Amino acid sequence: MALQDAANLLGPARHVVVFTGAGISAESGVPTFRDALTGLWSRFDAQALATPQAFDDDPDLVWGWYEWRRRLVQRVRPNQGHLAVARLATHVPRLTVITQNVDDLHERAGSPAVTHLHGSLFTPRCASCARPAPVPESTGEQPDEGRRVAPPHCRHCAGLIRPGVVWFGEALPEDALESAVQAATECDVLLTVGTSALVYPAAEIPRVAGRFGAAVIQVNPQPTPLDPIAEVNLAGPAAEILPALVTATWPGFS
């Protein structure tokens, strides 16, 4: 019954926002920040590596860790949840995809113009002048855990290139945040998928949508702080729930 309730809300919507968190990518094999690091990285704390201070103190260590993460992401594939999000664009007049994830799985699944609130592993930039930098070429080899890698230098100012992600203590990209908030105020349905709703200010996006009258539909295996504001809570993995939701909403056309 909950799935059909969600389909009844989604079907007539003119503008749908899909807001995704780590859970959807974890189903493809991308570790979340709450997962314990494995192998040679297990002696490090992920949150301690993801800070400007860590990069200043040991840029080779931090760059090596993010290169390991980037190459790991390149080896996994979008799952049926990502593909279902991309299919939504063929059914609704306007679809906005906002993610807290720093991978490119939505893009590889076929979703264009994804708003990345926390940056991306695929948009490195200079730590000094902030100019964009090329993504390092992939060797196709297995990621090396625990390996220090010297970051490249900026071709403009010779500063060190840093990962294009938002570290702890840094502000979200202003353009991305403004775009996300604007979409949340304008949508009639917000579909929140695989997010713990604990990381602010990103976690405020579904709440903004609810305050502006949108129907909030939540997809998550576990309860979250968004349970009370969601009109429908769909408990389960995104790779199962999202394709089923698309099929229930548009039978024969998904």
(request) Return the long-range amide H neighbours of LEU191 (sequence gap of 5 or more, or a different chain), with a cut-off of under 5 Å between placed amide H atoms. (result) VAL17, VAL18, PHE19, ILE217
(request) Express in whole angstrom the spacing between the alpha-carbon centres of the stretch 3-33 and the stretch 207-252. (result) 6 Å
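DSSP loop GluC sites (Glu not before Pro) in the stretch 134-225 with at most 14 other Cβ atoms within 10 Å of their Cβ, which ones? Walk me through the intermediate numbers first.
Values: sites: GLU137, GLU141, GLU145, GLU170, GLU174, GLU178, GLU186, GLU204; in loops: GLU137, GLU141, GLU145, GLU170.
Qualifying residues, ordered by number: GLU137, GLU141, GLU170.
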(message) Quick one: 3J(HN,Hα) in Hz for the stretch 3-11, Karplus 6.51/-1.76/1.60 with θ = phi - 60°, rounded, Gly and Pro as x.
(response) 4, 5, 4, 5, 4, 5, 7, 6, x
(message) Only counting other Cβ atoms within 10 Å, I'd like CYS154, CYS187 sorted with the fewest neighbours first.
(response) CYS154, CYS187
(request) For the chain, calculate the relative contact order in percent as a whole number, restricting contacts to Cα pairs under 8 Å that are 6 or more residues apart. (result) 28 percent
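What is the sum of charges around ARG94, taking Lys and Arg as +1, Asp and Glu as -1, for the other residues whose C-beta is under 11 Å from the C-beta of ARG94? Could you put the intermediate results ahead of the total?
Numbers: positive: ARG14; negative: GLU186, ASP188.
Residues near ARG94 contribute -1 overall.
Which value at 222 nm does the chain reach when only helices count, each DSSP H run of 4 or more adding -39,500 (n - 2.57), with the total divided by all residues and rounded to the nearest 500 deg cm²/dmol?
Working: 10 runs with 88 residues, N = 254.
Estimated from H runs of four or more residues: -9500 deg cm²/dmol.
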(message) Exposed loop sites here are chymotrypsin sites (Phe, Trp or Tyr not before Pro) in DSSP loop states with at most 15 other C-beta atoms within 10 Å. What is the longest stretch of the chain lacking them?
(response) 45-167
(request) Mind listing the long-range amide H neighbours of ARG125? Cut-off is under 5 Å, sequence gap 5 or more, other chains count too, H placed in the peptide plane at 1.01 Å from N. (result) ALA133, ARG162, GLY164
(request) Report ³J(HN,Hα) in whole Hz for each residue of the stretch 168-182, in order, from the Karplus equation J = 6.51 cos²θ - 1.76 cosθ + 1.60 where θ = phi - 60°; Gly and Pro get x. (result) 4, x, 9, 6, 5, x, 4, 5, 5, 5, 4, 5, 5, 5, 4
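Bear in mind that the values in this text are calculations on the coordinates, not laboratory data. From a predicted model like this one, the values you see are computed outputs, not experimental measurements. Here the Cβ is made from the backbone with ideal geometry for all residues, glycine too, and neighbour counts use every protein chain on show.
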